[in-house]
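Reading through the structure tokens given below for one structure.
The values are calculated or read from the model by the stated rules, or taken from the named source; none is laboratory data. If you're wondering where the values come from, they're calculated on a predicted model, not measured in any experiment. Quick reminder, even Gly has a Cβ in these numbers, built from the backbone with ideal geometry, and neighbours come from all protein chains shown.
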Amino acid sequence: MADSCAAASLKIHLAMQITLAIYTLICVLGISVGQLLFKKAAVALPAVFSFSSLLQNGWLITALALYGITTLGWIWILRHAPLHLAYPFMGLAFLIVPTLAWAFLGEPLHWRTLAGGALIMAGVALAAQS
């Protein structure tokens with residue numbers, strides 16, 4: 001009886017960890033997509049800067065909304081996970097953002113970026129083992 005309860009508890013704990021990791025990755029992806037939206041917003045700004053141009057910039061409004069939603073998700077994650085385990089996942093944005101910028105904005109992607117991203121991924125994997 002005690003063994004079955006312990007096994008059930010372990011399964012629930014593992015499922016929670018997997019769910020938390022997925023939500024964390026969704027937040028990192030949201031932050032990464034937000035960076036592309038901010039880039040699009042910056043390019044769309046007129047040469048003469050005005051406050052009304054910011055309010056009329058759909059890219060900027062979308063980026064800010066995505067950041068707001070992602071921030072709320074991040075707060076939920078931090079409620080359920082230690083910061084020292086959750087935060088290293090944000091390092092993945094250093095690989096995701098340049099890759100998305102290459103795929104969707106036509107920006108160059110250098111081998112050094114990929115090599116650095118591989119090191120970051122190794123660091124995230126190492127930190128997640130804590």
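Values as computed for the structure displayed
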{"read-out": "One residue from LEU37, LEU72 being at pLDDT 90 or above, out of contact with any Leu (no Cβ under 8 Å at 6 or more places or on another chain) and farther than 21 Å from ILE120 by Cβ", "value": "LEU72"}
{"read-out": "Near pairs, Cβ below 7 angstrom, 6+ apart or cross-chain, from the stretch 16-42 (assigned to a helix (DSSP H, G or I)) to any residue that is surrounded by 14 or more Cβ atoms within 10 Å (Cβ to Cβ) and among the hydroxyl-bearing types (Ser, Thr, Tyr)", "value": "CYS27/THR70; GLY30/THR70; ILE31/THR70; GLY34/TYR67; GLY34/THR70; LEU37/THR62"}
{"read-out": "Some residue of the stretch 116-126 being in contact (Cβ under 8 Å) with a residue 40 or more places away in the chain and either part of a helix (DSSP H, G or I) or among the polar types (S, T, N, Q) (or both)", "value": "no"}
{"read-out": "Of residues in the stretch 52-90 being among the polar types (S, T, N, Q) and assigned to a helix (DSSP H, G or I), the one farthest from the chain's Cα centre (by Cα)", "value": "SER52"}
{"read-out": "The stretch 54-64 - residue that is without any contact (Cβ under 8 Å) to a residue 24 or more places away in the chain and surrounded by 15 or more Cβ atoms within 10 Å (Cβ to Cβ) and, of those, farthest from VAL97 (Cα to Cα)", "value": "ASN57"}
{"read-out": "Meets criteria (among the β-branched types (Val, Ile, Thr), within 19 Å of GLN35 (Cα to Cα) and either assigned to a loop (DSSP other than H, G, I, E, B) or modelled with pLDDT under 95 (or both)) for ILE96", "value": "yes"}
{"read-out": "So ALA101, is it more than 15 Å from the chain's Cα centre (by Cα), buried (at least 18 other Cβ atoms within 10 Å of the Cβ) and in contact (Cβ under 8 Å) with a residue 60 or more places away in the chain", "value": "no"}
{"read-out": "Residue match in the stretch 82-89 (condition: under 21 Å from LEU36 (Cα atoms), among the aliphatic types (A, V, I, L, M) and modelled with pLDDT of 85 or more)", "value": "no"}
{"read-out": "Among (1) farther than 30 Å from GLN129 by Cβ; (2) among the hydrophobic types (A, V, I, L, M, F, W, C); (3) touching a residue at least 12 places away in the same chain (Cβ under 8 Å) - the single one PHE94 does not satisfy", "value": "(1)"}
